[in-house]
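**Q** Below is a structure I'd like to ask you about.
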Amino acid sequence: MTAITYRTADVDSSKIFYREAGAPGAPKLLLLHGFPSAGHMFRDLIPLLADRFHIIAPDLPGFGNSTMPGRGCTFDRIAETIDRFTEVVGFDRYAVYVFDYGAPTGFRLAVRHPDRITAIISQNGNAYEEGLSDGWNPIRAYWQDASAANREALRAFLKPEAVLWQYTHGVPDTTRVSPDGYSLDNFYLARPGADEVQLDLFGDYKSNVALYPTFQTYFRTHKPPFLAVWGKHDPFFLPPGAEAFKRDMPDAVVRFFDTGHFALETHAVEIAAAIREFFDR
C-alpha cells in the first residue's frame, strides 16, 4: 500500500496543510473537501487510488490544519489561495475531485485555468439551482438580510449534533459511519474564531450561486470529462443537481449511491471503483 505523507506548504501569507500519496509521475488528482470537514474526509479513498494517481488533498483555508483566515473570508479568497497552492506543489495539469465547498472552489479554478483541468469528479458538489434543497432556507434568509439575528440562527449548523446529523442523515446503516470524521470536524469547529469564519462563508455562499451560470458556460464550452458520484439522500444537494450536469455535458457520467451527504464514509470502495472505471473509458 502506498504511504500517505503529511506536509505544509507556504502559500503567500498562509500555511496550507495537505495529504499526499502516489508516484509523482502519475496522473495528478486534486481532492477538495467541503464543510465542515478537511482533507481527512478522503482518508479511505486515498489508499484506494494511490497506485494510479499522484494525489494531493489540501485542507482549505480556515479548515483542518491550514491557516485560520481573519474575518471576511470569502470563496474567492479560498479559491485564490488554492490556485496558488497548486502552483507551489507543482500541480500544473490535474483532475479535480470536488465535494460540497470544494465544488465552488474547484469550479473557480476550472473557469480560471481550463487548460489545467484534465477531468472533474463531483461528489455532491453542486452547480445548479435545482440541486439546492429547502435545507438552505435559513442560509438564504441570511443572504437576503444579513442581520445579527439571521447570522445567529445559523450557529445551529455548527453544533456537534448538527455535524453528526450531516454524517448520518440518509444513511441506511449508520453503523457504517465512523465517529472519527465527525468527531474531528467538531474538534476543528471548536477552535477560537472558527465559528465566525464559517458564518462568514455561509453568508458568502450566495457568491457561488451567482457564479452558477459562469460554471455552466465553462461546462458547455470546454466539456471536461465529468463524473458525478452522488449520495442520493443528501439533505442539501439533491439528485436533480447531479442530473443537471448532463444538460451542459451530455457525456457526463452520473452515479447515485444509497447514502447521504458524506458518501465516502460509507461508499469509498464503490466510489473508487467508479473513478477507476471512468478513467478506463
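**Q** Any residue in the range 190-210 that is without any contact (Cβ under 8 Å) to a residue 60 or more places away in the chain sitting within a Cβ distance under 8 Å of a residue that is not hydrophobic (A, V, I, L, M, F, W, C)? List the pairs, counting only those 6 or more apart or interchain.
**A** Asp195/Arg155; Leu199/Arg151; Leu199/Arg155
**Q** Now a separate question. Considering the range 69-91 alone, what residues qualify as being over 18 Å from the mean Cα position of the chain (by Cα) and of a type in the set (A, V, I, L, M)?
**A** Of everything in the range 69-91, those that are over 18 Å from the mean Cα position of the chain (by Cα) and of a type in the set (A, V, I, L, M) turn out to be Val88, Val89.
**Q** Scan Tyr97, Tyr101 and give me the residue that is surrounded by 18 or more Cβ atoms within 10 Å (Cβ to Cβ), under 19 Å from Ala210 (Cβ atoms), in contact with a Phe, Trp or Tyr (Cβ under 9 Å, 6 or more places away or on another chain) and not charged (D, E, K, R). Walk me through it before giving the result.
**A** Values: Tyr97 fails: under 19 Å from Ala210 (Cβ atoms).
After ruling out the rest, the residue left standing is Tyr101.
Let's see how each residue does on (1) surrounded by 23 or more Cβ atoms within 10 Å (Cβ to Cβ); (2) over 29 Å from Arg151 (Cβ atoms):
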{"position": "Leu49", "(1), (2)": "yes, yes"}
{"position": "Arg52", "(1), (2)": "no, yes"}
{"position": "Pro58", "(1), (2)": "yes, no"}
{"position": "Met68", "(1), (2)": "no, no"}
{"position": "Ile121", "(1), (2)": "yes, yes"}
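**Q** Across the range 24-34, what is the number of residues that are more than 12 Å from Val96 (Cα to Cα) and surrounded by 24 or more Cβ atoms within 10 Å (Cβ to Cβ)?
**A** To start, the set of residues in the range 24-34 that are more than 12 Å from Val96 (Cα to Cα) comprises 24-26, 34.
Remaining after also requiring surrounded by 24 or more Cβ atoms within 10 Å (Cβ to Cβ): 34.
Number of matching residues: 1.
**Q** Now for a different question. Give the range 118-170 a look and list any residue that's in a loop (DSSP other than H, G, I, E, B) and free of Cβ contacts under 8 Å to residues at least 24 places away in the same chain, or say none. Steps first, please.
**A** Looking only at the range 118-170, we keep the residues that are in a loop (DSSP other than H, G, I, E, B), and these are 124-128, 133, 145-147, 159, 169-170.
Passing the criteria: Asp145, Ser147, Lys159.
**Q** Checking the condition farther than 30 Å from Arg276 by Cα and hydrophobic (A, V, I, L, M, F, W, C), which residue from Ala162, Ala127 passes? Quick ask: steps written out before the conclusion?
**A** Working: Ala127 fails: farther than 30 Å from Arg276 by Cα.
On inspection, the qualifying residue turns out to be Ala162.
**Q** Among the helices (runs of 4 or more DSSP H) confined wholly to the range 171-281, which include 3 or more residues that are modelled with pLDDT under 95 and buried (at least 17 other Cβ atoms within 10 Å of the Cβ)? Outline the logic, then answer.
**A** Working: elements: 179-189, 194-210, 212-222, 239-243, 245-248, 264-280.
Once the helices (runs of 4 or more DSSP H) in the range 171-281 are filtered for at least 3 residues that are modelled with pLDDT under 95 and buried (at least 17 other Cβ atoms within 10 Å of the Cβ), nothing remains.
The values are calculated or read from the model by the stated rules, or taken from the named source; none is laboratory data. Predicted, not measured: the structure shown is a model, and the values here were computed from it. Cβ coordinates were reconstructed from backbone atoms using ideal geometry, including for glycine residues, and neighbour counts include every protein chain displayed.
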